[in-house]
Amino acid sequence: MAEQHVPFFGRLLRKSEGLFNLILPRRAAALARKELHHIGRDPYTLGMTIGLPVAMVLLFGTAISFDVKNVKVAILDQDHTPAARQFVDSIRGSGYFILNDSHGNPEEDLASERARAVVVIPAGFQREIGRGEIPTAQLLIDGSDNATAGVVAGYLQGVAGVAWQHIRITELRRAPDPPISFVTRYLYNGELNSRWFMVPGLLVIIIGLLAVLMTALTVAREWESGSMEALLTTPAKPLDIVLGKVAPYIFLGLLDVAMVYSAGRLIFQVPFRGSLLLLLITSLFFIFVCLAQGLLISVAARNQQLAFQMSMMSAMLPGMLLSGFVFPVESMPPFFRVVTAILPPRWFMEISRGLFLKGAGLSELLLPVTILGLMCFLFIFLAVKRFKTDLEP
């Protein structure tokens, strides 16, 4: 049967068999070797556990970005003076906006999505400057996307401040007002690169989803096909069966961590400032938690379709929405902040981003590491207990 293994990955999996003999009981090691041979003969499983992580990193790392660029802005210039044109040139020169002339009706420009914002320069703009007054202009923004609207408003207000200083010099021949000077320095992500923020989070989402999904589907397939009953006739104890089933996926989970880490570092140039050893240990904690979660799902579902649905509902949705991957936990309502405290992805998210971007050590990450470690032992205990109960009525 060995000749039917997928090249390279099948050989890689077989080389790990000796490790199972060292760390697992004899019967559990035999079951783990059997599971490895099955994985090596299954291109679908290998594709999901090895090819999918890299594809997801490339897709999400490239597609998801919080940087607001190329925003369409319509200009309604009712003044047609040098000062108004200089104001418009300042907006154009910022590099964030694509300027178009308004059709004369700002609300229609926004409703038809010809523009995300409209700048209205009223008649008398230059006269106000000549009288020594601060000129006024109107800014209308499409608020249907509140996150983008806030960023666009901030950008345009900053551009307006710079434009006013230039107008004072060129039109009024006056020195610019001395503003309050802030010397800004962004720590940990100096360029505010959203991919540096996203990729460490993708490590959590991808590993968590695959570990839960693959374990749930694999064990549910055993229940569905009836081969679990055959295992019960062997001398293997429930704990041996659990260890034998999940051990290969621990190896594959660590392989996925290595691939996502490498893709982030080599392709997206995400820095890693922390300890690789701490990342390895906490990744093991998180993988154990997710494998135990998948085992609990498989015992409850006992068929692959239901196991898949439960895995997606319990792993992907909370991981994407409640872990801090996109929305900061601190900004959530109090009820959901409490809910996130019982979700393993929330704590591994803090660890991953702390290690990648901040170079945090164990002392800074002691709370999330401790909670994740406790969750690891709790989930494993519950999985083994529930599995044993179901096997020994």
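When residues of region 98-124 are filtered for being under 33 Å from the mean Cα position of the chain (by Cα), in a strand (DSSP E or B) and among the polar types (S, T, N, Q), how many remain? Counting residues in region 98-124 that are under 33 Å from the mean Cα position of the chain (by Cα), in a strand (DSSP E or B) and among the polar types (S, T, N, Q) gives 0. Taking the conditions (1) of a type outside the set (Val, Ile, Thr); (2) in contact with a helix residue (DSSP H, G or I) (Cβ under 6 Å, 6 or more places away or on another chain); (3) at pLDDT 85 or above in turn, Arg302 satisfies each one other than (3).
Only one entry in Leu46, Leu36 is touching a helix residue (DSSP H, G or I) at 6+ places or on another chain (Cβ under 7 Å), in the same structural domain as Pro328 (by TED's automatic domain parsing), under 30 Å from Val270 (Cα atoms) and modelled with pLDDT under 85, namely Leu46.
Before we move on, is Ala315 within 15 Å of Cys290 (Cα to Cα), within 14 Å of the chain's Cα centre (by Cα) and crowded, with 18+ Cβ neighbours inside 10 Å?
Numbers: within 15 Å of Cys290 (Cα to Cα): yes; within 14 Å of the chain's Cα centre (by Cα): yes; crowded, with 18+ Cβ neighbours inside 10 Å: yes.
Taking the combined requirement at face value, the residue satisfies it.
If you check Gly51, Gly95 for being out of contact with any Leu (no Cβ under 7 Å at 6 or more places or on another chain), outside any helix (DSSP H, G or I) and modelled with pLDDT under 80, only one passes: Gly95.
Select, from Ala230, Ala263, the only residue that is within 28 Å of Lys34 (Cβ to Cβ), small (Gly, Ala, Ser) and in the same structural domain as Ala360 (by TED's automatic domain parsing).
Details: Ala263 fails: within 28 Å of Lys34 (Cβ to Cβ).
Exactly one residue qualifies, and that residue is Ala230.
In a residue-by-residue description of region 251-258, the property of being assigned to a helix (DSSP H, G or I), in contact with a Pro (Cβ under 7 Å, 6 or more places away or on another chain) and either in contact (Cβ under 8 Å) with a residue 24 or more places away in the chain or basic (Lys, Arg) (or both) applies to at least one position.
Screening Ile351 against (1) free of Cβ contacts under 8 Å to residues at least 60 places away in the same chain; (2) crowded, with 21+ Cβ neighbours inside 10 Å leaves a single unmet condition, (1). Of everything listed in (1) touching a residue at least 60 places away in the same chain (Cβ under 8 Å); (2) over 20 Å from the mean Cα position of the chain (by Cα); (3) under 17 Å from Thr49 (Cβ atoms), the single unmet condition for Ile207 is (2).
Mind listing just one residue for me: the one in region 238-294 that is surrounded by 19 or more Cβ atoms within 10 Å (Cβ to Cβ) and of a type in the set (S, T, N, Q) and, of those, nearest to the chain's Cα centre (by Cα)? Looking at residues that are surrounded by 19 or more Cβ atoms within 10 Å (Cβ to Cβ) and of a type in the set (S, T, N, Q), I get Ser283.
Residues are listed down the side, and each one gets a yes or a no for (1) over 30 Å from Leu46 (Cβ atoms); (2) modelled with pLDDT of 80 or more; (3) not basic (Lys, Arg):
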residue: Pro178; (1), (2), (3): yes, no, yes
residue: Thr184; (1), (2), (3): yes, no, yes
residue: Ile206; (1), (2), (3): no, yes, yes
residue: Leu210; (1), (2), (3): no, yes, yes
residue: Ala216; (1), (2), (3): no, yes, yes
residue: Arg221; (1), (2), (3): no, no, no
residue: Met228; (1), (2), (3): no, no, yes
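The values are calculated or read from the model by the stated rules, or taken from the named source; none is laboratory data. Predicted model only: the values in this text are computed from it and were never measured. Reconstructed Cβ throughout: ideal geometry from the backbone, glycine too, with neighbour counts over all protein chains shown.
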